[in-house]
Structure formats: structure tokens, C-alpha cells
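Colleague: Take this structure first; my questions come after.
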């Protein structure tokens, strides 16, 4: 082995520390510190009259569990989360299967599909707000024309439809992301099982459920994890399109936390809501990682 | 699987239709950029035919598109002059991507090649830093930035966007490294090369495509991020998503101008996506296919 | 109608007018319907938003007074090189200031002015964060009247500034020129002035003259008449009789509500500082609103002022009792289909006599003309309060406000003298940036103005508590208006007490 200068010894050894150091340093400053800060904040509240943050003990945490707004926004968050995830999974898988071909034109189609990802979600929200406008929107007009919606029904102001109206923007924007992940998975599958199935004359559905799905299980799990983490924090679409309305029909936890923090300067309660969200996601994600046997 | 000719044609049609449905909002948005106000609010909505104007682009980018010019554009632009904001977005996007990819690549190599106790949990921890709601990060960041002078600077936003992208970048890079057989490293180690040398001379060049794919995703997430960019900037820089909201005025929303900025802002990110599409389609499994 | 056809039609119309086949009145009306108001002739296509259309008053008149600039030059000498920051809502005056006028100030003073133009909610966010952190990023605050109470102790009282710094005081700035009603409604909190009135969007009645002529109606004088007219328009024409800004959870919904509430003799708070929107008069107002709501386009519950204005501009609805700020925009033929067709009058008279300020709580002033004005003030956290004070005086002085009014598209001035300025009166014609509604605005401020209560919790009540529940009501989530208002009462009283 060649002689090395002492300061390079660490890079020589198989010790991961120097490799991970920059990552850990950034995460400690920008992720651990905010976490501690939020925990500290959740026991304090900004007293607007005295212009300073004051200790309030467990008040925020007690309020949290007696807050009907929190429970309703938690419900909405979960509905949004599961609906969006399910739709994006199913649609994403269907599209990936459809586009997993090498025939001419499919490369272009895959490229066009990814266009949705480069639009800022805040702008996507505005786009769909315009398209779903009951008076001027192209989408409302289309739905009216085919008779799915009466002109008297404003999508984003009808309690039963508003969430669907917001979900539409989310599903439109992120389904292509799922397609990318699934395509990556499908392209990496070994061809042998398919050849065997062909010889047996298995139907398309059998092939999909017996071969593709089981082999894709891990890919799907990772997709659920990555997308789920972001979905739980959904903010931009709702903020832009409905402000949580009508009433509280689309009012999510992240919007609640945002409003408490920025609109009403209740930093303590905002931090408490954020921590609640963090705890829920942490528990769900870890449970999922354990159940789906994801190993990194 | 072999497809009969008729199913192949059907599949072609279905694929074009499906992508067409997804593409329609973009088509509509881009055409909105070319519409004067009365066309945007036409009833029924004008989809295929409409009067064309370049006015929205002239205002947003402060240029005169000579032969079609309808009115003098103010020097320095009006309120909707956003061209410098594209540059801000580009600076933040490129540098935060570079930082995130550099840090993530180093870490991912170690995570891919070196077995150590708690590696699985370490990756989980890295991933969990993405679970924090942005609101919860924004307030402490605001105070850190106030005290360090990073407020309203490119550097500040670059750091935060890099942080935001690190978890995904680490996972992605790890999966790309996992695709490269570890035997290569091991034989080089036996030949006396150092880890650092192997990383720089052998593994990194082999993972070029993966790095490109990771970089593009990081860039897109930075390019489209709203909340941090809103909270941590004031007047000296603004990114595209933030200025997009300034088209909402007290006497109406300038949809045409907003769409013009949006349409142009799609271009750089989309070019990057197309360039690395091949690698994206390979690597986005995040290592879940390896056994 | 395509542009080409429009031009052809206009040519024949002009021809007939010249040959005396039609009279001047119908010529102008038809031209207006074509989207070519008087002011548009020879001016090309113009727009309201960009803030750089050509106003009718002669361009050379629309420059700052050299005397004023000379003062700025003189007094700013010690502050050259300073940078001032201001975050403001994207309103016509702020846009005019930002894109056209501030350069004159910068040139004369050597002070750089950075104006951050944002939607209203984001301005509130920036402002509260700046105050809470005492960062002093912004030297001047743009303060919506609904936030005045919460920021009152973080800004200088302009009267004190004027007195304390005689060397920086602008000669003839004349603080008494600000309309007293606006000072009272926008600025005064307890015994302090939270800045000076900067702009004033206020509810006036706007209606389609052509539709009213067609149905043989004249502008409504009472609430009852207005409702009947709206119902008739909905029934007998293709248009909707009224429109609204009724997006759930948005401040605009609260604004609409107060107009109907005050107009029925009700108030938000009673003298005991308890919510009183659920009393008998409050419920009467809800019943009225319910009926009027039926004459509005189905989109109103998704619209803020944005969609509301658009519904008039695109010829969907025929009347609107809302922000006068919209009126000049309606007259712009390049953006709307109703140029020259709109008329402005005072809001219809209230159903019964209004409550007095003594009968309400927190300084609430009942009135059918809901004001949504804002003030401009120097932040106490500013690191350059003197330079900011010079800029503030310049922005709010008579000469600058005249320019803001004309260049900013006929927005409502807050100074008495500006309404009488010849440059403002010169724009009193059909066309973009018109000022032909300003007499109505002036009268409304003097006689009809309604103003929201001043209390630190008001930002939360008006942006969340009330409009979220009203939104629920219009989405059908409550059994009755009474149930909804009782629920609001409970929530509001809970927040105010705590």
C-alpha cells in the first residue's frame, strides 16, 4: 500500500465519517436546530402586546387537543392525503404501463408528460383556479357541456366538490412524477418471468397481478414514501385555490399552521401544529418503512 | 411481451390521448400568454382560435417585439417587468443544486459502499428531515438569517433550497452508486488505491448520468419552491413562483402576464429534464430494485 | 368581434355621425359599446394593469412640481445614498408610484426607494414578521385599515414627526387637507394617528347604464329598490342582477357582509363590545343578502374582488356595490367589454337609520360605503426614519397624489384638494384611468362611509373567523342564518375576550 500523508488517512480507511460530515453538518444547522426551536416555541407564545415571546407552559399542547379546528383540519388532511396518494398511484401505474414501450413516439410522450413537474405548484394552483372558475373557466365549461356539472355549481365553493377541485391540480402535477418512478422500475425488471408467462399463455391481467406487481412492490413502496411525505405537507394548491374553503372543507393542517404563524403571529401554537404534523408523518413513515420492509 | 398490430395501434392512440389530457392545461396556459384580456375571459372560453398579442411578453420581459409592437414599453419596465427575476431564480436554482449534489454525492458514496452500524436508521433520519412542515423551518430560518445577515440574499436561499433537496438527493445518488458493482471498488482497493481516488477517478465518472438526473430534480424543486422564497427574501431578489403571485392586484389578476412568465419559466427546467430523461427513468427507483 | 370588424364598424359609425345620420349621444354610446371610449381615439390600445397607459391629461402636466422636487433635493442632502424599503399591496397608486413616479424622487434626493409589490395577504405576513422580529427591514409600512390597531405602536405619529422635525417638514404639506372622515376611519387608533391616509377604495354603486335604460330603470335609491332591480335584471336580461366577492375564508366576504349589515341598521359590535351581527337587524341583513345572492352569478362564492370585478368587466353581471377603485378599469376598452357603459352613484340609502359610533364597539363606524383604505407610516424600527419621513411626505403631498390619481388610473385620492385639481378633472371622460366617478367617491366618503372596528384581534376576525363561517353558511353547512350568526358570535366573543 502506498504511503499516505496523515490527513488523507481517513479517506483511505473505510470510515464513513468524513464522507457524511458535510451532510450531517448542514442537517444539524438547518434541520435539527429548527426542530429544537419549534419544540421550545411550542411552550411559548408571542405576546403581541408586549412584543415578545413569553413562556406559557403546556397551554399550546392542551389547546391543541381541545381545538375543533385542529380535528377538522386533521380529517381533511388525511382525506386529501389518502385520496391524492391513491389516485396518483393508480393513475401513475396505468400511465407507466401504457408508456413503457420503445415504439417511435413514446420517448416524446414521456418527455411531454414531465412538463407538469416544472411548473411551480403555486402557479399550478392559479392555473386550475382559472380553469375551474364557474364563469370563465374552460374546465367548468367542458363539464357543463358534457352534462357532468350544472352551471350553477361552482366547483371550488361546493363543499362536496371543493376538495376534488384542489386534488385535481395535485394529481395533475404529480402523477407524472409517479410515472417516472414506475417507469424506472418497469424498465429494470428482468424479462425471464414474462417470457415464461407468455409460454403459458397467461392473460394480461394475470401477468400484471402475478408478476409485475409483486416485483414492483419495493418500487411502489418507495414511491408511496417519497410522495406521501410531501403530500402530508400540501400547502400551495389550497392556499391559492380555496384558502381552505368553503368553510373548512379544504382546510388542512399545514394551512392552519401557516395562518397561525404568519397571519395571526401565534408562533407558539403554529409551532405546536407543525410538531403535531411532524410526529404524525414520522410515525406513519416509520411504520410504513417497517411494514413494507424497505431497507436502505 | 409481443403485441399484435391492432393492440399496438390502440396502445399508441391511448398513450397519445392520455398524455394529451395531461398536456392540455399546459397548452391552455401557454396560449393564455398570447391572449389579450378579453380573450382570456371569453365565454365560452377560447381554446383554439383567438386574437393573438405579444403584449404580455413585452411587459414581462421589458422588450419590444418590433413589428407587432402595440405600445411603447417603459424603459426599466412597468410593474410586471420580471426578466431579472428569472436570473435570480436561475442563480438560486443552479447553486443550490450544485451544493446539494456535491454534499449528497459524498454522503451517498459512503452509504452505498461502507457498511456501518445504524446505516438504515441514518438514511431514515436523513429522509425524516424532509418531513418537517416548511412553515416550521421558515420561522427559525428567518431569525438565523436575520442574525447572520443572510436575509434577502442569494446565498441564504441557496442554503435553504439545498437543505430541502438533500434527503432526496442522497437517496437518489445512493441508488445510482448501488447500480455500480462494488467489485470495481474492491479490486481497486486491493491495487492500493485510496477510497478518495476510487471515488473521484472510477465511481464518479461512471455515475455521471445519475448525477445529472439528481441535479435536474434538485433544480426543479428549487425552481418551483414558494414558501421559503417568499419568507426569506424581500426586495433584492425574488424567484419566479413568488413574483407570479404579484400579478394578483387589487383590481384584478393579470392572467396573461402571469402566463407569459410561466410559459418562459418552463423552458429551462424542461430542457434539463429532456437532457437527462434517460437517466431519470433508470434511477428513480431509489435503489429499491437491488437485492 | 374581431379587431378588423370593429374598425370597419367604427368607420361607418363615424361616417354616419359626420353625415348627421345619428346624434352625438348615440354615436358615443355605440362607440363605447365597441370598446372605444372617447379617450381611446388615437391612443392605441391601452391597459390598466401595467401602470403605463397614456392618460388624457397632457403628458407634460404629469410631472412632479419643480418646487416640490427642489424641496426634496434640499432637505435630502444629508441622506443621499440611503435605501428605503416599503412593502405594499399591488394597488393602482402603488403601481403608479413604483413604475413611474419614484424615479423623480430618487433622482432629486439621491435616496433609493425599493418598493415590494405583493398581494394583500403577503403584505400582512411581511409586516407582522417585521414588527415581531423588530427587524426594521421596511422603513415604511403600508397599513390596511383592518390592521391599524395591531401596528399602532410600531409607527410614528405623523403629527408628532411634523412638529418634532421642523427642518424636515415639507412646506404646505398641509395635514389638515386629508379628508377628516378618512383620517378617522383609517388612521386614528385610540389617541394616535397610524400614519396618514394613503389610498381609499370605498364601496360605491356601479351599474350598467345601457341595461338600466333598456329596462327603463334609474339608479337605486334604497336597498329594497336595489334588490327588486337586481331581480328584474336577472329575470329579464341575459345578465345577472348583482355580483359579489364571497370567497369563503377571504377578507372580501367580510367586506360584503358589513355593507348589508350596516345598511340594515346593524353593527358588528354593540356598545358592550359583544358581537351583535346575530341580533334582529343582523338577521334581517342576512335575509336581504340571501335574496340578493340569488341574483348573482354562481361563481360569486369562489370570487374575491378579482372575480367580482371581472364579472362586471366581461358583461356577466349588471350592477355591483363594491370598490370604486374598479371604475376606471371598467372604462378601459382594451381590458373590458363595458367601457363607457358603467355609471357610478352613491350606494342606496340604508333601510333604517344607522347605528352611531356610541352604539357600537371598538370605534366601528356603520355606513353603507364600506371603506378599505390604507395608510402609510414610518416604522419605528426603521434605521433611516428621517429619510423615510421625507419620502412619506413627498408621496402623500398634494402634487404627488394628483399624479398618483391620474397615472394610477383614477384611483381615489385621500386629500380634499386633489379632487379639485385641474389635472384630475381633465381625466373626467370615458376611457382608461377615468376620474369621472371621483365626485361620487368624494361624496361617499363624506356621507356614507362605513369603517370597521379597531382592535388588535381584528386582523384575525376579519380574515378568518368571520369569513370562514360566512363561507360555511353560503355552502349550506348551517341550518339557518341565525345558527350561523350565533356561531360567529360565540367564536368572535371567545377571541376578543381571551
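Each reported figure results from applying straightforward, stated rules to the coordinates on display, with no laboratory input. All of these numbers come straight from a predicted model, not from anything done at the bench. Note: ideal-geometry Cβ built from the backbone for every residue, glycine included; neighbour counts use all protein chains shown.
Colleague: Defining a contact as two alpha carbons under 8 Å apart and six or more residues distant in sequence, what relative contact order in percent does the range A:252-296 show? Walk me through the intermediate numbers first.
Modeller: Details: 23 pairs, mean separation 12.7, N = 45.
Relative contact order comes out at 28 percent.
Colleague: If you build a Gaussian network model of chain B, linking Cα atoms that sit under 10 Å apart, which residue out of B:146, B:11, B:113 swings the most?
Modeller: Maximum among the listed residues: B:11.
Colleague: Next question, about the same structure. Quick check on the range C:68-215: of the DSSP beta bridges with both residues there, what percent are antiparallel, nearest 5%? Don't skip to the end; give the middle numbers.
Modeller: Values: 2 of 11 bridges.
If we restrict to bridges inside the range C:68-215, about 20 percent are antiparallel.
Colleague: I'd like the orientation of helix B:83-113 relative to chain B: the angle between its Cα long axis and the longest Cα principal axis, in ° from 0 to 90, rounded to 10.
Modeller: 20
Colleague: Rounding to the nearest 10 and keeping the result within 0 to 90°, find how far the Cα-based axis of helix B:154-179 lies from the longest principal axis of chain B.
Modeller: Roughly 50 degrees between the two axes.
Colleague: When a/c is below 1.5 the answer is rounded, else prolate if a/b is larger than b/c, else oblate, so apply that to the protein assembly as shown with a ≥ b ≥ c taken from the square roots of the Cα gyration tensor eigenvalues. Walk me through the numbers before you get to the answer.
Modeller: Working: a/c = 1.75, a/b = 1.52, b/c = 1.15.
In terms of gyration-tensor shape, prolate.
Colleague: Label chain A by shape, choosing from rounded, prolate and oblate, from the square roots a ≥ b ≥ c of the eigenvalues of the Cα gyration tensor; if a/c is under 1.5 it is rounded, and otherwise prolate applies when a/b is larger than b/c, oblate when it is not.
Modeller: Working: a/c = 2.15, a/b = 1.09, b/c = 1.97.
Oblate, since a/c reaches 1.5 and b/c is not below a/b.
Colleague: Something else about it: In deg cm²/dmol and to the nearest 500, what is the mean residue ellipticity at 222 nm of chain C if only DSSP H runs of at least 4 residues count, each as -39500 (n - 2.57), divided by the residue total?
Modeller: Details: 21 runs with 200 residues, N = 498.
After summing the helix terms and dividing by the residues of chain C, the value is -11500 deg cm²/dmol.
Colleague: Among C:85-95, A:210-220, A:193-203, how do they line up by average Cβ neighbours within 10 Å per residue, starting with the highest?
Modeller: Numbers: C:85-95: 26.6, A:210-220: 17.4, A:193-203: 12.0.
Those peptides, ordered most packed to least, come out C:85-95, A:210-220, A:193-203.
Colleague: Still on this model: What is the fewest-to-most order of B:7, A:261 by other Cβ atoms lying within 10 Å of their Cβ? Kindly include the intermediate steps, with their values, before the conclusion.
Modeller: Details: B:7 12, A:261 28.
Placing the least packed residue first, the sequence is B:7, A:261.
Colleague: Under the definition of partner shielding as Cβ atoms of other protein chains within 10 Å of a residue Cβ, what is the mean value for peptide A:214-220?
Modeller: Details: counts 0, 1, 3, 1, 7, 6, 1.
For this peptide, the per-residue mean of nearby foreign Cβ atoms is 3.
Colleague: Order of B:182-193, B:242-253 by packing, highest average Cβ count within 10 Å first? Working shown, then result.
Modeller: On the way: B:182-193: 13.2, B:242-253: 24.1.
Going from most to least packed, we get B:242-253, B:182-193.
Colleague: Using only DSSP helix segments of four residues or longer, with each worth -39500 (n - 2.57), what per-residue ellipticity at 222 nm results for chain A after dividing by its residue count and rounding to 500? If you can, show how the numbers build up before the last one.
Modeller: Values: 15 runs with 189 residues, N = 296.
Helix-only estimate at 222 nm: -20000 deg cm²/dmol.
Colleague: Calculate the length of the line joining the C-alpha centroid of the range C:288-343 to that of the range B:132-175, in whole Å.
Modeller: Using only Cα atoms to place each centre, the spacing works out to 43 Å.
Colleague: Pick from A:14, A:133, A:230: which residue has the top mean-square fluctuation in a GNM of chain A where Cα pairs under 10 Å get a spring?
Modeller: Sorting by GNM fluctuation, first place goes to A:14.
Colleague: Dimensions of chain B along principal axes (Cα, Å, largest first)?
Modeller: Reported extents, whole Å, longest axis first: 72, 67, 34.
Colleague: For the range A:26-67 and the range C:409-438, what is the centre-to-centre distance using only Cα atoms, to the nearest Å?
Modeller: 50
Colleague: Among DSSP bridges having both ends in the protein assembly as shown, what percentage is antiparallel? Round to the nearest 5. Don't jump to the answer; show the numbers that get you there.
Modeller: Details: 30 of 43 bridges.
Of all bridge pairs located within the protein assembly as shown, approximately 70 percent are antiparallel.
Colleague: Relative to the longest principal axis of chain B, what angle (0 to 90°, nearest 10) does the C-alpha long axis of helix B:119-128 take?
Modeller: 10
Colleague: Using a/c under 1.5 as the rounded threshold, could you call the range C:65-208 rounded, prolate or oblate? The axes a ≥ b ≥ c are square roots of the C-alpha gyration tensor eigenvalues, and prolate needs a/b larger than b/c, oblate otherwise. Kindly include the intermediate steps, with their values, before the conclusion.
Modeller: Numbers: a/c = 1.30, a/b = 1.28, b/c = 1.02.
Rounded, since a/c falls under 1.5.
Colleague: Could I ask something else about it? Take chain A, connect every pair of alpha-carbon atoms lying under 10 Å apart with a spring to form a Gaussian network, then pick out the residue of A:226, A:181, A:32 with the largest mean-square fluctuation.
Modeller: Of A:226, A:181, A:32, the Gaussian network model singles out A:32 as fluctuating most.
Colleague: Of all DSSP beta bridges located in chain C, what percent are antiparallel, nearest 5? Please report the intermediate quantities before stating the final value.
Modeller: Numbers: 24 of 37 bridges.
Around 65 percent antiparallel, to the nearest 5.
Colleague: Count, for each residue of C:464-476, the Cβ atoms from other chains sitting within 10 Å of its Cβ, then give me the mean as a whole number.
Modeller: Values: counts 7, 0, 0, 3, 8, 2, 3, 10, 6, 2, 4, 11, 4.
Mean shielding by partner chains, rounded to a whole number: 5.
Colleague: Also, quick follow-up: Take every residue in peptide C:130-136, count the Cβ atoms of other chains within 10 Å of its Cβ, and give the average of those counts.
Modeller: Numbers: counts 1, 3, 9, 7, 3, 6, 1.
Counting Cβ atoms of other protein chains within 10 Å of each residue's Cβ and averaging gives 4.
Colleague: With 10 angstrom as the radius, rank B:49, C:295 by how many other C-beta atoms surround their C-beta, starting from the fewest. Don't skip to the answer; put the middle values down first.
Modeller: On the way: B:49 7, C:295 25.
Result, fewest neighbours first: B:49, C:295.
Colleague: Neighbour counts of other C-beta atoms within 10 Å: give me C:332, C:399 arranged from fewest to most. List each step's numbers first, then the result.
Modeller: On the way: C:332 28, C:399 20.
Ordered by Cβ neighbours within 10 Å, fewest first: C:399, C:332.
Colleague: Between the range C:382-400 and the range C:99-136, what is the C-alpha centre distance in whole Å?
Modeller: 12
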